[in-house]
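In what follows, a structure is listed as structure tokens, so that the remarks can point back to it.
The values are calculated or read from the model by the stated rules, or taken from the named source; none is laboratory data. Only a predicted model underlies this, so the values are computations on that prediction, with no experimental measurement involved. Ideal geometry is used to build each Cβ from the backbone, glycine not excepted, and the neighbour counts take in all protein chains shown. In case anyone asks, the SASA skips ligands and DNA or RNA and just uses the protein heavy atoms, side chains included. Shrake-Rupley method; radii C 1.70, N 1.55, O 1.52, S 1.80 Å.
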Amino acid sequence: MPGSLFLQLPSELILACLETLPLTDLDSCANCNRLLHEIITKSVLLHYRREQARAGVGENPSVASNLVISDRLDKLHRRESNWLNFEPLSTHAIPIDFATTGLYDLTSDAYFVGDTADPNTRMCTAIKYIRTAPGETQWRTVDGGKPIIDFGTSLEEHDLIALVTYTIHDRNPLMSSVDISLLKFSTGAPHPLAAQPVLHVHDVEVVRHRPGISIEIVGDTLALSMVYWSFELRDMDVLYLFNWKLGTPCMDPVPVYNTGMIFLTEGMLVLPNSYDESLDVLYIPSDPVEEPLLLHSFHLPELMHDTSIRSFQCRGSPNPRTTTTSPSSASFVPRTWDALLMFSLQVGNHTTFSDHLLIVDRPRFFGAIQNAREENPEGVEWDDWGPDCCRWLNAQELSTQYITTTSGRRMVTIAHDAFERPAPITIMDFNPSSVRAHWHLGVVEREKATSRVVEASTQHLELFARPIASGLPYLEIVSKERFDYGAVLINDENVIGTRFGDATVASLDVLHFG
Ligand SMILES: *[C@@H]1O[C@H](CO)[C@@H](O)[C@H](O)[C@H]1NC(C)=O
């Protein structure tokens, strides 16, 4: 660009023009001209953007904006180094001084648990939560006023908590009403964007007992799947989609065989299907007049003869979101577009069973969906999509009670018997730049941890018919310290170790990495 007027501008103005370009375009600019190269490589701001991309995070403007760029960059470097070296900045305990019900959730900066159950209904009517940041000691309460069987949140996007309630009819004690209360999380009042603060789902005979439930909310869509496990008829095991703002259903309920769903994008839902042994993709049009459409089934590897999937759960954190109305307290938040999808399966025949975890790379899976665009009524065979997108983990030895074990591209695990035989905590970092940076280093002994890259491999998993190729590599970080937790969870800034009492969680330790 000799003689270009643009290049005659003061370098601050050139930088201001370049600042918002995608990183790949910046690379192109840097390669085409010496002056641009110098401006780009010397800019702390652009360096900071690059480092955020490398770490797979975005900054939380409400927290970061009071620091100058070089301090934010330092903070990010320290955070990444803490995770890599397994060096938490602090550890604090959260006592749980009330009896809990089995309901729980973990969001980017808060831990939720069902309050003490009413002895008559054996259900709670409130959800308790505590922030996971260091220094937080107070449990707070969201009161539902009715028996709660499950709940879902969309805190950052909508400041919303949705309580699924189960109320026996006053005049007909053989029937129950299942409803969803849509509350503004920060006030506990009915959510102002919901035309109807309570969505009626259905009435159901009490003899069916209480259903298993999954609930997720992204954009205007609330997805709810229910399975009445202890009843013989399967006719009420369905997926509902509501426009929660309008208070109207988006489609007729669709039959399901198991609960669980992940919003891949705002308009695409992944449904694990234990009956067809597949991941099904449902397209949700943004125009409410159009009906949602089942796009494709992506088959799992073939199981051994007479073997089936006995349970199939899933989770992807953070969810995609259309806006941020109520940001978390973390300085850096994982990107939504490449957050891992995690599936936990129990596979069994008449005499034995085995537990497996399936990690799916969100962008690669999205690519596989794009490639399968043409009609594919039979579904996409495992070999045509799976090996590239996935990593299988044998979970026989791992704690699998909780599904909240991924945050962005990181996953955390501990041995299932660590509560009686203390064991290391393992962090699996699927961030491609972490893998690239450590690829050639082999096993690295650090002060507090050992790391190594686990490359693509072929595994012989119990109860699968054939060896399975897993193409997705990760960086494994194993702590040298051993912990006696029953399970470990992860959110934006923390690993959370849980200890169990009689049946439910008794105490939490928060290992804060930043
Ligand atoms: C179940 O699977 C195990 C492990 O492959 C096998 O040894 C056993 O014979 C199978 N049982 C039945 C009833 O098929």
Accessible surface of residue 128 in the full protein assembly, 1.4 angstrom probe, to the nearest 10 Å²? 40 Å²
Once you have a ≥ b ≥ c as the square roots of the Cα gyration tensor eigenvalues for segment 173-295, tell me rounded if a/c is under 1.5, and otherwise prolate or oblate according to whether a/b is larger than b/c. oblate
Magnitude of the charge dipole, segment 418-514, Cβ model with Lys/Arg +1 and Asp/Glu -1, debye to 20: 280 debye
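Report relative contact order for segment 365-491 in percent, whole number only (criteria: Cα-Cα under 8 Å, sequence separation at least 6).
That works out to 32 percent.
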Find, among the chymotrypsin sites (Phe, Trp or Tyr not before Pro) in segment 54-145, those assigned to loop by DSSP (not H, G, I, E, B) with at most 14 other beta-carbon atoms within 10 angstrom. 98
Give me log10 I(q)/I(0) at q = 0.13, 0.30, 0.32 Å⁻¹ for segment 8-48, Debye formula, one equal scatterer per alpha-carbon, no solvent. -0.21, -1.20, -1.34
Take peptides 180-189, 307-316 and line them up by average Cβ neighbours within 10 Å, highest first, as a rough protection proxy. 307-316, 180-189
Sparse-neighbour loop sites [GluC sites (Glu not before Pro); segment 7-45; at most 14 other C-beta within 10 Å; DSSP]: 19
Rounded, prolate or oblate, given the Cα gyration tensor of segment 257-344, with a/c below 1.5 counting as rounded? oblate
To the nearest 20 debye, what is the magnitude of the charge dipole of the chain about its Cα centre, counting +1 on the Cβ of each Lys and Arg and -1 on the Cβ of each Asp and Glu? 1360 debye
Could you calculate the FRET efficiency of residue 252 with residue 286 from 1/(1 + (r/R0)^6), where r is the beta carbon distance between them and R0 is 22 Å, rounded to 0.05? 0.70
Solvent-accessible area per residue, Å², over segment 90-512 with all protein chains present [probe radius 1.4 Å]: 43 Å²
Protection-proxy order for peptides 119-127, 145-153, each taking the mean of Cβ atoms within 10 Å per residue, highest first: 145-153, 119-127
Which length gain, in nm to one decimal place, applies between residue 202 and residue 503 when the Cα-Cα distance is subtracted from 0.36 nm times their residue separation? 105.3 nm
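With a cap of 13 neighbouring Cβ atoms within 10 Å, and only residues DSSP puts in a loop, list the chymotrypsin sites (Phe, Trp or Tyr not before Pro) found in segment 377-443.
In loop regions of segment 377-443 (DSSP not H, G, I, E or B), the sparsely surrounded chymotrypsin sites (Phe, Trp or Tyr not before Pro) are 439.
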Shape of segment 1-75, Cα gyration tensor, a/c cut at 1.5: prolate
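Give the relative contact order (percent, whole number) for segment 77-221; include only Cα pairs under 8 Å separated by 6+ residues. Write down the numbers at each step before the final one.
Values: 253 pairs, mean separation 20.2, N = 145.
Relative CO of segment 77-221 lands at 14 percent.
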Rg/Rh for the chain: what does it come to with C-alpha atoms and Rh from Kirkwood? 0.98
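Could you give the accessible area per residue of segment 1-54, probe 1.4 Å, as a whole number in Å²?
Per residue, segment 1-54 has 64 Å² of solvent-accessible surface.
Per the Kirkwood definition applied to all pairs of different Cα atoms, how many angstroms is the hydrodynamic radius of segment 90-209?
On the way: mean 1/r = 0.0653 Å⁻¹.
Answer for segment 90-209: a Kirkwood hydrodynamic radius of 15.3 Å.
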Given an 8 Å cut-off on Cα distances and at least 6 residues of separation, report the relative contact order of the chain as a percent. 13 percent
Rounded to the nearest 500, what is the 222 nm mean residue ellipticity of the chain from helices alone, with -39500 (n - 2.57) per DSSP H run of 4+ residues and division by all residues? -5000 deg cm²/dmol
Put a dot 7 Å past each Cα toward the Cβ at residue 17 and residue 45; how far apart are the dots in nm? 1.5 nm
Determine the share of the chain's accessible area contributed by carbon and sulfur atoms, expressed in whole percent, with a 1.4 angstrom probe. 52 percent
